[in-house]
1. Under 11 Å from the Cβ of B:GLN93, count the other residues' Cβ atoms, weight Lys and Arg +1, Asp and Glu -1, and hand me the total.
2. Can you tell me the Rg and Dmax of the protein assembly as shown, counting just the alpha carbons, in angstroms?
3. Return the long-range amide H neighbours of B:GLY155 (sequence gap of 5 or more, or a different chain), with a cut-off of under 5 Å between placed amide H atoms.
4. Can you report the principal axis dimensions of the range B:1-119 using only the alpha carbons, biggest first, rounded to whole angstrom?
5. I need the trypsin sites (Lys or Arg not before Pro) found in the range B:60-128, filtered to DSSP loop residues with at most 14 other beta carbons within 10 Å of theirs.
6. Given a 1.4 Å probe and no ligands, DNA or RNA in the count, how much accessible surface is buried by A and B, both sides, to the nearest 100 Å²?
7. Between exposed trypsin sites (Lys or Arg not before Pro) in chain A, where DSSP calls loop and at most 13 other Cβ atoms lie within 10 Å, what's the longest gap?
8. Amide H neighbours of A:HIS272 under 5 Å, at least 5 residues apart or on other chains, H built in the peptide plane: list them.
Amino acid sequence: MYAQMVDTGVRSVKDAAAMTPEEQAFQARIDADVKVEPKDWMPEHYRRTLIRQIQQHAHSEIVGMLPEGNWVTRAPTLKRKAILMAKIQDEGGHGLYLYSAAETLGVSRDDLIADLHAGRVKYSSIFNYPTLTWADIGAIGWLVDGAAIMNQVPLQRTSYGPYARAMVRICKEESFHQRQGYEIMMHLAQGTPEQKRMAQDALDRWWQPSLMMFGPPDADSVHSAQSMQWKIKLLSNDELRQRFVDQTVPQADYLGLTVPDPQLRWNAERGHYDFGPIDWREFYDVLKGNGPCNRDRIRTRVKAWEDGAWVREAAVAHAEKRAARKAA
Amino acid sequence: MPPDASLLDYLLRLADTDLVLAQRLGEWVGKGPVVEEDIASTNVGLDLLGQARMWYGYAGEVEARIAGTGRDEDAFAFRRDAHEFRNLLLVEQPNGDYADTLARQFLFDQWHLLLLRALSASADERVAGIAAKAAKEAAYHAERSADWVIRLGDGTDVSHARMQDAIDGLWMYTGEMFTAAPAGDPLAAAGIAVDPAMLKAPWDARVSAVLAEATLARPADGWMQKGGIAGVHTEHLGRLLAEMQFLQRAYPDAKW
Ligand SMILES: [Fe+2]
Ligand SMILES: [Fe+2]
Ligand SMILES: [Fe+2]
């Protein structure tokens, strides 16, 4: 998932006594794991929070096509080119499912896109980092899709029906992506000295940003409690991050690559890896727009949208002409 | 040319044309006018890339019959220079705006479908098999690009002007698709290849019908550029290859 900081619009979580009867009934359904469907009553904050979360996720899929698209024309073999094109195409599909899920909440895709272009809504910070070498394509599949899966698998059980169902479809494809990314890394790690260097360099650059994908530490995560009560978030940021580290470190070991964290070590007592501090200043900086690629990503999206305006207008005009001719 | 040498050359024409167009479509990834189009256009690119790989695979086998060893798909794609590429000039033309891209696709697709359908009856079983599989995909491509030419041609004033301009500009690259095989070509005689000249009339009919529905004028057949089949390309191919081949050229010993 790519929604890192979703504003729920509430400062504290209500207990049952503070809820209206409608809210109580709503919460009771969620507690009983009954899915909320588009026509059901829902608290306004729930609806708005979901729109923001799904929208951030959808935009992330679409913007996420760009860093990988950067290597389509330079993929090193025809097979890798085909796999990469198919992957990016999947991501576009994910964006579409998610926009559709958001539209069930009473917003239009065009409005959501306008929010993105105006900077009113974020996409995942991870896509503001550059893909400098082919190894970055491997690292994105392995780490970024890996982190996305970690986040999204629980969301298959999220309380909002259309979102949960979109997640089921998406998760299947994301796990392919992760395997394909890892396979790229495997070839590089077993390759020439230059290829190994590329692989290590990619891990060095993508490791911390991947850990940031789960959002700020729980202690600083003011909106999570409400989202967890509503079951639009099922595990905390830190829990997910820990799971990701635990899963990924042995994979890095297997590749013979070094995770760039001198404090990383297995803690037998906890049964988890301990890891060093994350540079949260960088995270907030990137969210504010100061990542290496924020400007490029948005400019590219806006340009594509504006350059395509006449095409979309023509398609509408043609459809109207057709309809008019049919009616005549 | 001995039969296998002509066949190798012919297979590379098919493969290179597919690959170069797939590469062009790859440049659009993430930048289409709407996400649905991004997906659809990547889909066409993926089909063409898959077809190129099948043709290269067979080309490698044919080369092995001639020379004892044959190159694999990546050696063909990444280790040849522009003059060794046999693709049509049409497909190496830059993407331009969406009208240029779709016009190029349309002019190519209508020809490609006819060619593949004809090749499905090739006397060479491998050629026939690959062509039959590819023709199914090409049928969808041909329908999609024709549909877009109609929508843009008969859309707004702006889209009409852009599409007319695109068709006009690319027209001179269409003649090459119908260059007749040299007299005594062993492939045509053996029923392995299709005489391209035979595709001209059905192509004309289909293209004219679509342009008419799109309210676009069919350009007159004036001067036609040629050279791709002989390895003499426009300036655009060299740059396309430089980008595509970068990793294989920079790290020649690496496996990916
Ligand atoms: Fe995702
Ligand atoms: Fe995705
Ligand atoms: Fe993915």
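1. Details: positive: B:ARG24, B:ARG104; negative: B:GLU92, B:ASP100, B:GLU235.
Summing Lys and Arg as +1 and Asp and Glu as -1 gives -1.
2. 26.8, 93
3. Excluding prolines and chain starts, which carry no amide H, the hits are B:HIS160.
4. Result, largest extent first: 49, 28, 22 Å.
5. Sites meeting the loop and neighbour criteria: B:ARG79.
6. Rounded to the nearest hundred, the buried surface is 4100 Å².
7. A:158-269
8. When sequence neighbours closer than 5 places are left aside, the close amide H contacts are A:ASN267.
The values are calculated or read from the model by the stated rules, or taken from the named source; none is laboratory data. The structure presented is a predicted model; accordingly, all values stated were derived computationally and were not measured. Positions of Cβ are backbone-derived with ideal geometry, glycine not excepted, and every protein chain shown enters the neighbour counts. For the accessible areas, the whole protein counts, side chains as well, though only heavy atoms, and no ligand, DNA or RNA atoms are used. Shrake-Rupley method; radii C 1.70, N 1.55, O 1.52, S 1.80 Å.
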